[in-house]
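Novice: Have a look at the structure that comes next, please.
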Amino acid sequence: MASQILSAIIVIVVGVGGCLAYFWGANKLVDLVYPSRGVSGTAAVDNLRRQGLVRPWLFIGPAILILGVYLIYPVVSTLLYSFYDKGGDNFVGLNNYRWLLGDEEFRNSLLNNLMWLIVVPAACTFLGLIIAVLTDKIWWGTIAKSLIFLPLAISFVGASVIWKFVYEYRGDGQEQIGILNAIVQAFGGQPQVWISLPFWNNFFLMIILIWIQTGFAMVILSSALRGIPEETIEAAVIDGANPFQIFWKIMIPQIWGTILVVWTTITILVLKVFDIVLTMTNGQWNSQVLANLMFNWMFRGGGDFGRGATIAIVIMIGVLPIMIWNIRQANKEGGR
Amino acid sequence: MAQASGKSAGKSFFGRFGVHLAVLFFVLIWTLPTIGILVTSLRDKNQIVASGWWTSFSSSMQTSATRLSPPSSQVQKDGKFVIEGNLFETPGSSAVSAFGTRSAQPTEFKAGDVADLKDGVTLQVNADGSYVFASPVAFDGDNGRRVYYAATMPPKFTTDNYNTVLLSEGIGRSFLNSLTVTIPATIIPIMIAAFAAYALAWMRFPGRALLIAVIIGLLVVPLQMALIPLLELYNGVGNLFGVPSKTYLGIWLAHTGFGLPFAIYLLRSYMAGLPRELMESARIDGASDFEIFTKIVLPLSFPVLASFAIFQFLWVWNDLLVAMVFLGSGNDQLVLTGRLNALLGSRGGDWEILTTSAFITIIVPLLVFFSLQRYFVRGLLAGSVKGG
C-alpha cells in the first residue's frame, strides 16, 4: 500500500519532470543546431526559418504520438477487427455484420438505444430550459441551480445506487423503504418492481441519466438566455406579445444554436451509455443497450473481439454525423 | 416573461408564487435521492429495513423484548422480595408506552400500571423504563423474567456503517486506488496538451488546420472504439516483456490519451483568444516560443487549466469502463466505482453497505465540485458552446 503511494508520487514527479525536460531540452537542441545568434546575417535568417519549421512539431509531437496510439490506431484497428473472427486471426468478411442483423439481443439493444436517443436528450434539454428560465426570476435561483447541477459530479455507478434505492421494492406486507413505492402506496397504488417492468424499465433507467444531465443543459442554456439582448424582449413587450410568444418566438430562435449543441452533446453521451445499464440490470428484462452488449461480447466466453468490434462500429456510425457536422462547423469558423 | 407578467399585480403575485413552487419541486426531485442515501448511510442497520429513511427523523414505535435482572439481585423490602432496575441501558433513552409478560400480548398493561401476575406477584414498568418486580416469596432460577414492551425509539444515527465499509468491505483500500489512478491521470495530459495547444494556436506550420480538424473529430470518438485494440496491445506488450498487462501506468496513459482531444481543444480555443500584441511584443524583445509559452501564455491560461483539471479529475474518478478493462479486479487495483459495482452484485439488499459505499465514492467529486464550481462552469461553457 505504501509502495503504491510511493510509486504514484514517483510517476507524477518523473512524468511531469520528464515532460518539462523533453520540452525544454528539445527547444535548446533546436537553438544549438540552428543558431540564430552569433552567425552572419543570411545564416541567421536561414536558421530562424529552419527553427520555425521544426519547433511546432517538437511542441505537438508528444500529443500526436499519444493520440496516434490511443485513438487513431484503435479506430482503424477496430474497423479491421470487425471483419475478423473471435480471436482476430481469420478474415470472415461481413459475417459479423450478418450475425448482428440476425441477433435478437442486438436488435433489442438497438431499439432501446433509439428510445434512449429520443427521450434523454429531449428531456434534458426541455427540463434544462424550463429550469433555466424559472430560476432566472427568483432570488434563490443560483442556489437552486447549484443543487440541480450537483448530480453532474456523481458517477454513473453512484447514481445507480442512489436510484436503485429510490426504486427499491419490498414484498407484500413489508414496509416499503424505496421512496417511489412509498409514494405510490400512499396514493393507494400497488408497489412495483420498477427495474424489471417490461418495456417501462428502460424509462426508469433513462431517468437516472436525465437526472444527471439536466444540470448540464440548464447551465449552458441559462448562460445563452442571459446573452439575449434586452432590447429584443422589450421591443416584443411593447408590441404586445404575451409571455408564451416571447418565449417561443423571441427567446428560442436566439438560443437555437446552443440548444443544438446541448442536444448533440447529450446524444453522444447517450450512445455510449454503459455504467447505468450494467449496474442496474446488466441488460436483463430487455433493457440491454449497445455499449453494454459490446462490453459483454468483449469478455463473454473468453471474449469475441470480432463481434465486440462490430458493435463498436455501430456506435461509431451513430456518432459519425455529429462528428462531421462539428468539423464542418469548426472549419467555417476558420480554425478559431 | 417577467416583464410581461408584471402588467397586472394580482397575476404577478400568483405567477411568482408558482415559479417558487415549481423551482422548489425541481430542487426536491434533484436532491432527495442523494439525501436519501446520505441519511440511510447514517442510520442503524435494523432501522433501515424497518422504515423508510424519510421517517428516520421522527421517533418510531417499536415492540421489543428484554429480561429483567436475575433473581440473584433481589432484595427484601417490607416483607417482600423485590427486583428493581431499568429496561434500558441508558435510562430515559426511549419512552415505554406499554408492557406485558406474554409474547401474545406484549402491550397488555399501560406504562406506570402495576400488573398483577397472580400469587401476589406484581410488576410495574414506568415510562422511563424503570421497573419494580415484587413477590411475597423469594424468586428462584438463574435468568431474569422475560418482559415485552412497546417504546417510542428516538431516531438513532450512527457512523458504524462507515467503519464497517471502510475497514472490512475494502472501500478504504479502493479509495486509495482511485486516488492512485486519478491524480497522475489528471496531471500528465495537462502538460502535453498545453504545449500542443500553444503550437496549434500561435505557431504557423503546414498541416495545422488538418490537425485541428482531426482533434475536433477525435473529441466525439466513442471510447468503445479504442477498447479492443488497446486491450490486445497491452496484452501483447505484457507478453513481450513478461510484465503484467494490467498496470497503473497502463491506465494513466489510457486516460491521458482519452482526455487529450478535449484538453487540446479547450486549451487551444482559450489560448487563441489571448491578445496577439502580447506575443508580438515579447517576440520583438527576443523571446523564443518556449519563453513566450512558459512565461506569458501558461500563467495567463491558469483558469482554463484549472477547468480542464477539474473535468479530467471528475471523469477519471467517476469512470468505470476504462478501469474495468485496463485494471485488474484484485484488492490492489479495484477502484471505488468498480468496488461499488461488485458490491451491488454481492451485497444486493444490504442497503447499509451500499448507501455508505456510494456516499464515500461520491463525496470527493462533490467536494471538488462545490469548491471549484466557478472553474467547472467556465470550462463547461467554453468546451461545449463551440464544439460539443
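The values are calculated or read from the model by the stated rules, or taken from the named source; none is laboratory data. This structure is a prediction, so every number in the text was calculated from the model and none was measured. A quick note on method: Cβ atoms are made from the backbone with ideal geometry, for glycine too, and the neighbour counts reach across all protein chains shown.
Novice: Does B:ALA65 count as touching a strand residue (DSSP E or B) at 6+ places or on another chain (Cβ under 7 Å), under 30 Å from B:VAL165 (Cα atoms) and in contact (Cβ under 8 Å) with a residue 12 or more places away in the chain?
Specialist: Answer is yes for this residue.
Novice: Would you pick out the residues in the stretch B:309-346 that are away from chain A (no Cβ under 11 Å), assigned to a loop (DSSP other than H, G, I, E, B) and at pLDDT below 90?
Specialist: Result: B:GLY328, B:SER329, B:GLY330.
Novice: While we're here: Would you point out the residue of the stretch A:160-187, among those that are in a helix (DSSP H, G or I) and more than 8 Å from chain B (Cβ to nearest Cβ), that is nearest to A:LEU205 (Cα to Cα)?
Specialist: Residue satisfying both the conditions and the ranking: A:TYR167.
Novice: To continue, here is another question. Could you check the stretch B:34-134 for strands (runs of 3 or more DSSP E) lying wholly inside it with 3 or more residues that are at negative phi and out of contact with any Phe, Trp or Tyr (no Cβ under 8 Å at 6 or more places or on another chain)?
Specialist: Ranges flagged: B:60-67.
Novice: Since A:ILE60 meets every condition but one in (1) assigned to a helix (DSSP H, G or I); (2) free of Cβ contacts under 8 Å to residues at least 12 places away in the same chain; (3) within 13 Å of chain B (Cβ to nearest Cβ); (4) surrounded by fewer than 20 Cβ atoms within 10 Å (Cβ to Cβ), which condition does it not meet?
Specialist: (4)
Novice: If you scan the stretch B:198-213, which residues turn out to be crowded, with 16+ Cβ neighbours inside 10 Å and more than 9 Å from chain A (Cβ to nearest Cβ)?
Specialist: Correct list: B:ALA201, B:TRP202.
Novice: Determine which single condition B:ASN235 fails, assuming it passes every other condition in (1) surrounded by fewer than 24 Cβ atoms within 10 Å (Cβ to Cβ); (2) of a type outside the set (Asp, Glu); (3) closer than 28 Å to B:VAL304 by Cα.
Specialist: Against the list (1) surrounded by fewer than 24 Cβ atoms within 10 Å (Cβ to Cβ); (2) of a type outside the set (Asp, Glu); (3) closer than 28 Å to B:VAL304 by Cα, B:ASN235 comes up short only on (3).
Novice: Look at A:ILE220 and say whether it is closer than 18 Å to A:THR135 by Cβ and part of a loop (DSSP other than H, G, I, E, B).
Specialist: So A:ILE220 does not fit the description; no.
Novice: Residue by residue through the stretch A:129-148, note down the ones that are assigned to a helix (DSSP H, G or I) and either more than 8 Å from chain B (Cβ to nearest Cβ) or free of Cβ contacts under 8 Å to residues at least 40 places away in the same chain (or both).
Specialist: Across the stretch A:129-148, the qualifying residues are A:LEU129, A:ILE130, A:ALA132, A:LEU134, A:GLY141, A:THR142, A:ILE143, A:ALA144, A:LYS145, A:SER146, A:LEU147.
Novice: Let me ask another. For the stretch B:229-266, enumerate the residues that are within 11 Å of another protein chain (Cβ to nearest Cβ) and farther than 21 Å from A:VAL76 by Cα.
Specialist: If the condition is that a residue be within 11 Å of another protein chain (Cβ to nearest Cβ) and farther than 21 Å from A:VAL76 by Cα, then B:THR247, B:TYR248, B:LEU249, B:TRP252, B:ALA263, B:ILE264, B:TYR265 are the ones that fit.
Novice: Out of curiosity, is A:GLY283 small (Gly, Ala, Ser), at the interface with chain B (Cβ under 9 Å from one of its Cβ atoms) and closer than 30 Å to B:MET225 by Cβ?
Specialist: Considered against the rule, which asks whether it is small (Gly, Ala, Ser), at the interface with chain B (Cβ under 9 Å from one of its Cβ atoms) and closer than 30 Å to B:MET225 by Cβ, A:GLY283 comes out as no.
Novice: If the requirement is being loosely packed, with under 14 Cβ neighbours inside 10 Å and closer than 30 Å to B:LEU211 by Cα, which of these qualifies: A:ARG37, A:ARG55, A:ARG49?
Specialist: A:ARG49
Novice: Could you tell me how many of the residues in the stretch B:72-97 are among the small types (Gly, Ala, Ser) and within 10 Å of B:GLY129 (Cα to Cα)?
Specialist: 6
Novice: Another question about this same structure. Do you know which residues across the stretch A:304-336 are of a type outside the set (S, T, N, Q) and surrounded by fewer than 18 Cβ atoms within 10 Å (Cβ to Cβ)?
Specialist: Residues satisfying the conditions are A:ILE317, A:LEU320, A:PRO321, A:ILE324, A:TRP325, A:ARG328, A:LYS332, A:GLU333, A:GLY334, A:GLY335, A:ARG336.
Novice: Taking A:ARG336 as meeting all but one of (1) at the interface with chain B (Cβ under 9 Å from one of its Cβ atoms); (2) modelled with pLDDT of 90 or more; (3) assigned to a loop (DSSP other than H, G, I, E, B), write down the number of the exception.
Specialist: (2)
Novice: Here is a further query. Is there a residue in the stretch B:65-84 that is at the interface with another protein chain (Cβ under 10 Å from one of its Cβ atoms) and at pLDDT 75 or above?
Specialist: No, because not a single residue in the stretch B:65-84 is at the interface with another protein chain (Cβ under 10 Å from one of its Cβ atoms) and at pLDDT 75 or above.
Novice: Quick test of your reading of the structure: B:ALA226 fulfils all but one of (1) more than 12 Å from chain A (Cβ to nearest Cβ); (2) surrounded by 24 or more Cβ atoms within 10 Å (Cβ to Cβ); (3) modelled with pLDDT of 90 or more. Name the failing condition by number.
Specialist: Answer for B:ALA226: the failing condition is (1).
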